[in-house]
1. Given +1 on the Cβ of Lys and Arg, -1 on the Cβ of Asp and Glu, and no further charges, what dipole in debye does region 347-478 carry about its Cα centre, rounded to the nearest 20?
2. Determine, for Arg164, Arg71, the number of other Cβ atoms within 10 Å of each Cβ, and report the residues in order from fewest to most.
3. Applying a 10 Å radius around every beta-carbon, put 457-464, 444-451 in order of their mean neighbour count, most first.
4. From the residues Thr174, Gly188, Thr153, which one has its Cα farthest along the dipole of region 152-194 in the positive direction, the dipole being from +1 and -1 charges on Cβ of Lys/Arg and Asp/Glu about the Cα centre?
5. Can you put Asp149, Asp453 in order of Cβ neighbours within 10 angstrom, beginning with the fewest?
6. In which sequence would Lys58, Lys443 go, from the one with the fewest C-beta neighbours within 10 Å to the one with the most?
7. Expressed as a rounded percentage, what relative contact order does region 8-122 have, with Cα pairs under 8 Å and six or more residues apart?
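All of the numbers you see were taken from the coordinates with simple rules; none came from a lab. None of these values were measured; they are calculated from a predicted model. No Cβ is skipped: glycine too gets one built from the backbone with ideal geometry, and neighbour counts run over all protein chains shown.
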Amino acid sequence: MREVSGPWFGMVPESLLVPLLDAAGEVLRDLEAEDVPSSLRPLLEFDRRGLHRASARKQLRAALATHASFREAVSQRFLERPEVEALIDVWDPVGTTEVVDSLSDRGDLPLLASALVAAQPEEWRLALGIVIGAAEQRRLEDVDRAESDALQTRIDELELGLERSESVRADLETANKELDSDLREERGSRREREQALEREVADLHGDIEGLECQRESDDEALAGAHRQLEREQTRVRELTDEVAELRRRLAAAEDDVVELRRTVENTPSGPRGLTPAELRLLGDAADLARRLAEGLGGVVKAARSHGALPPRPAAQDATADSESPGPQAPAHRREVPVPPGLTADSRDAVRAMVRTEGLALIVDGYNVSKRVWPDATAAEQRDRLVGLLSELQARAKVECTVVFDGDDVTTQRGGRPGVRVRFSAAGQEADDVVVEEVAALPKRVPVLVVSSDAWVREHAEAEGARVVRSETFLAALRG
């Protein structure tokens, strides 16, 4: 038997070599491992279905083209098939065209092509070319048939769409006729409605004229009330300015008294120093000024209660309370105690300090939240931080105020039980509000401020508060 020429495997379409490739798979499964071509050893683990895959067939085809012994064994196995032997026995080059046409009608062209390549009978190259041409012609006919079927399907769909369009058009014409009838009826009743509306408009004009007369009378009364209110507001503003000036002078006098007391304690009494009696006189003068300021403050509160002035903001009320006179008001703020052996800015110290009796905890909101939730939105940061502070309040029973910048907050939500939330006003920074909250508290209240901002630390400590960094506070909360 002559060897099958390798290059022919690159010329013949794979679809025409399927029977021969199936025989190659059978031979491969029967070979001993040492007789298997190296290029086909990866296929030894494949089952029958795996050998039918495109990648496996590609490797089998390459082995047939390059390995003569494997090609000879496959050809011999394939030619032993009864249907192949019968085909080769009756082969006649003269009747090639008739044979190809007959096998093409039955769909057996792959069997004929594989037999021609394996047996190479007389005039096999010419016959193989005819088989390849017939297969390509059949493929093109199949493509044309599929395209024709698709086109006919599209035509059928278009005809069906046209029928539906005609039905819709008929429905629209019927609906149009009904609308014309309704429109004629509507035009007949519209005039009646217009006449009724004209009567109603005439009645409304009469009502409007009466209301305008009443409004003019009300406007005159309101103008008089506004003039009276403006006079009262002017007087209240004057009293407020006087109160503010007296409080400023009172604060300066209290500072002078403290300084004089310190001087008296450290300097012997004599012609150049103040005696205790003189110091008491100064204290009496300060008490008198304080009582005067308190009296004027009562005038302002009365004016606010009558609506002559808007209510005082919460922070200002706290400031007023801190400045109100008291027989035992200390000169310096009560300190937050630090446990022995610990530094104030440490996790264990913070845990102990938040349990100080009467402590006011003031938190610089975004200075803390941006360190732990940098990727969260501002609203999410606020909610999460207020939640942590609420848990702290439940454990330590400490009243807490958290301050946020409020310029970009359209809806300012309140806090939770034990946690007061405050937003800075437009044009005001939260840092200023934190220090303002400290200054507004009475001196007897120990204050712990949470912020890593240097400016806040400096000014809060100047007001007598204890300041811890945001990172330390977060570490204490997280345990």
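1. Charge dipole of region 347-478: 760 debye, to the nearest 20.
2. Arg164, Arg71
3. Per-residue mean Cβ counts within 10 Å order the peptides as 444-451, 457-464.
4. About the Cα centre, the residue reaching furthest to the positive side is Gly188.
5. Asp149, Asp453
6. Ascending Cβ contact count within 10 Å gives the list Lys58, Lys443.
7. That works out to 39 percent.
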